[in-house]
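The next block holds one structure in the form of structure tokens; read it before the comments.
The values are calculated or read from the model by the stated rules, or taken from the named source; none is laboratory data. Just so it is clear, the model here is predicted, and its values are computed rather than measured. With ideal geometry, Cβ positions are generated from the backbone for all residues, glycine too; neighbour counts draw on all protein chains shown.
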């Protein structure tokens, strides 16, 4: 068995023969221990391991790589599609139809089932894609100390106890406890969600500190943006924080979507009801003296006809059409049911960095000449604050204009470029000749530039309080004035004003010297400075995000913001986005505060919180599950590795296509191609339309099937034979599928985003659909029975006996088929008049009903087919009564809808 070292949390993984074995045990909190203790526990030294010891540990601990997880074969994925209850019922119906000789019906049902399965496999991608993407994030090579020398090895050869060296541009190859650090900054946004690189320090850390606060740690797969460091490996492979996320992904529960739950519920309910009706019909028929074989065929025909076998295929087609429309609007759906789930979304848990914000530090305020100015205001290019922020800067400008460097520094250079500054030309005239690099303990950086007059400019930027200690004068409107207490208070007030807006504030200062000091240090350079001003930067919210959140709120959807940033930053952004309001208390919760609540306590309190700060991946999963435990349909958006477990746990995970990692996209159900939060709202609208159209198809199919069942059920009790089995199956085949698919192409109703989310508790029968199915099915059955009674009581053309009965059956056949086609137009809306939604607004529905009518009536009008189907040629009056009675369903339902609207139904 391989041993393991661990760094946090309460669960860890042991690798045994290459497999993941979950165990409950405290993981070692190396970040809470000093470097000497960590090295001792790992049986290592600052000079590293010997090659022999590294080889031994490689055999003991296994490779520094993530486990791939069990891969499902294509066949296994295909077979998974047949676990749906409705599909099982359809397979049984196909088997029975085949046994009874109805081969064509059996083939059609099987084609529907197979098509559904193929489309399901084609659209769905499993979690191993996310694990594979995590594997690809690892650094291919790393520099380590072996046998007292620095060597380069493959990252998968790194073992616990190795000493790894880091510098700017490196990808951290494993989880490290830092033992040396020189101005180290690491970009951890993909892991923690924090929008700016973290300044690492060799400081003592509390044992309960979250990932984002472990300043003496470097985590696998994060990026070094500045400085140098050395660290001892404390976690490799699946025992890193990224490995912990991979394990969470592998073990995340797959939840059924509301649509899948509704289909299961519908399938079970219909099966029980249909079997009961078929059994009663069979018994009653026998009691009425009917032949048992005839009644068996009739009962089975009714059962097969009553099952909406086209519903799974129709649902799949409607969902597929929805994915195409969403793709045109930059929402790429990876799993078909996700289309509909969006429509039921009640809570959107959104990552802040890169989703609600730009994930790009931007200068927003500039303080100079005693006043705060907006970044979009005009500013003189030779102003000292402008010059210092661009000179005391390590950003590189590539040949294509791309800025390379620390995000806070690139933000300042971008600000200068946007204002028209030619930094390359300015630096060519006044080149940098020396510098005092940034150090985390003094929080300053200075550069020295040679001027044309022979003097030198010292440009210094850093923490406002530290720079203020070193400033003896201030630049005010081009004049250098002594630093007074009043001026100092004004600077501190401006700093506070910017800080409470959650801006990252840096101060700028300068001075002129006659010669470069022989020794470059803070003591020889950073004194007697002239204060130039302050700049305030932030990762700004996306321009469209606030409007999208407001639209979602109007649609009854609550937006929850989750971030790895500090509380103040999170609260400020949430205020700007309208997620919380000024003066709202208790809406922000930190990860540390969340840790203090049990799952039960948090479930009770979750509705109080709208913003979460300094959270870990485990916290995000807890937040999603807490809302789900309240019965809410939850969407989670995110772009980082740290978002992947919660993306998979949510009812629908939404990844970012541009800034998102492959891991987050692999764990998502839907990906936003434009990273635009507004696209989520667009997708929600499309999802609502999809479900509404599926409901229309359900209403149409089930009311039609109910009409068939009631007609035959009542007729059996009355001793009538109004339809033959072949009539039932043909009506069911030609009048159901095409109109139902066409209903899936209906445009969204104008007020669809003004309605409340349907939520998890609703189903196919919600919003009046169930009642409509019942009364409309009764109407269809009653009208069909009436036409059969009229036809058998008023024989035409002198027909008597069997011929008269055939006329009546033919009239019932026409009526029951045509009534369903006319009724398709009633199904365009539950309560609205067809004149409100547009009789002919859906051209596809018009063509579908025409095609179905031709197929239905063609068996009567085509010689040979009429004999096969046992139908007769009718008189004009019989045709008029049959078609006219079928059309009557439209004005009758219109009248009922008018009454319902008058009663306030909508």
Inside segment 453-490, can you point out the residues that are more than 16 Å from residue 389 (Cβ to Cβ), outside any strand (DSSP E or B) and in contact with a helix residue (DSSP H, G or I) (Cβ under 7 Å, 6 or more places away or on another chain)?
-> 468, 488
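Name the residues in segment 628-659 that are surrounded by 24 or more Cβ atoms within 10 Å (Cβ to Cβ) and farther than 16 Å from residue 564 by Cβ, would you?
Filtering segment 628-659 for residues surrounded by 24 or more Cβ atoms within 10 Å (Cβ to Cβ) gives 633-656.
Of everything in segment 628-659, those that are surrounded by 24 or more Cβ atoms within 10 Å (Cβ to Cβ) and farther than 16 Å from residue 564 by Cβ turn out to be 633, 634, 635, 648, 649, 650, 651, 652, 653, 654, 655.
Would you mention how many residues in segment 520-541 are at pLDDT 90 or above and not in a helix (DSSP H, G or I)? Even if it seems obvious, please write down each step before you answer.
Residues of segment 520-541 at pLDDT 90 or above: 520-538.
Then drop every residue that is not not in a helix (DSSP H, G or I), which leaves 520-521, 526-538.
The number of residues fulfilling the criteria is 15.
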List the number of the failed condition for residue 493; all other conditions in (1) buried (at least 18 other Cβ atoms within 10 Å of the Cβ); (2) in the same structural domain as residue 450 (by TED's automatic domain parsing); (3) without any contact (Cβ under 8 Å) to a residue 60 or more places away in the chain hold.
-> (1)
Here is a list of conditions, (1) more than 15 Å from residue 561 (Cα to Cα); (2) not in a helix (DSSP H, G or I), and residue 618 meets all of them except one; can you say which number that is?
-> (2)
Flagged in segment 625-653 as assigned to a strand (DSSP E or B) and in contact (Cβ under 8 Å) with a residue 40 or more places away in the chain, in numbering order, are 634, 635, 636, 637, 638, 652
Mind telling me which of the residues 729, 723 ends up being over 23 Å from residue 643 (Cα atoms) and either modelled with pLDDT of 85 or more or assigned to a helix (DSSP H, G or I) (or both)?
-> 729
Residue within segment 118-129 that is at pLDDT 80 or above and either out of contact with any helix residue (DSSP H, G or I) (no Cβ under 9 Å at 6 or more places or on another chain) or closer than 24 Å to residue 32 by Cβ (or both) present | no
In segment 863-885, is there at least one residue being outside any loop (DSSP other than H, G, I, E, B), in contact (Cβ under 8 Å) with a residue 60 or more places away in the chain and either under 24 Å from residue 769 (Cα atoms) or in contact with a strand residue (DSSP E or B) (Cβ under 9 Å, 6 or more places away or on another chain) (or both)?
-> yes
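For segment 658-670, indicate whether the set of residues that are within 17 Å of residue 322 (Cα to Cα) and not assigned by TED's automatic domain parsing to the domain that holds residue 757 is non-empty. Outline the logic, then answer.
To start, the set of residues in segment 658-670 that are within 17 Å of residue 322 (Cα to Cα) comprises 669-670.
Remaining after also requiring not assigned by TED's automatic domain parsing to the domain that holds residue 757: 669-670.
Yes; the residues of segment 658-670 include at least one that is within 17 Å of residue 322 (Cα to Cα) and not assigned by TED's automatic domain parsing to the domain that holds residue 757.
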Which listed residue, of 618, 544, 581, is at pLDDT below 90 and crowded, with 19+ Cβ neighbours inside 10 Å | 618
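Collect the residues in segment 62-79 that are part of a helix (DSSP H, G or I) and either in contact with a helix residue (DSSP H, G or I) (Cβ under 8 Å, 6 or more places away or on another chain) or at pLDDT 90 or above (or both), keeping them in residue-number order. So that I can check it myself, show each step before the final result.
Pass one, segment 62-79, residues part of a helix (DSSP H, G or I): 74-79.
Listed by number, the residues that qualify are 74, 77, 78.
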Would you mind stating whether residue 323 is assigned by TED's automatic domain parsing to the domain that holds residue 741, touching a strand residue (DSSP E or B) at 6+ places or on another chain (Cβ under 6 Å) and not in a loop (DSSP other than H, G, I, E, B)?
-> yes
Enumerate the pairs (first residue in segment 552-566 and farther than 19 Å from residue 353 by Cα; second residue anywhere and part of a strand (DSSP E or B)) with beta-carbon separation below 9 Å, excluding pairs fewer than 6 apart on the same chain, so at least 6 apart or on different chains.
-> 552/348; 552/558; 552/559; 553/559; 557/347; 557/348; 557/635
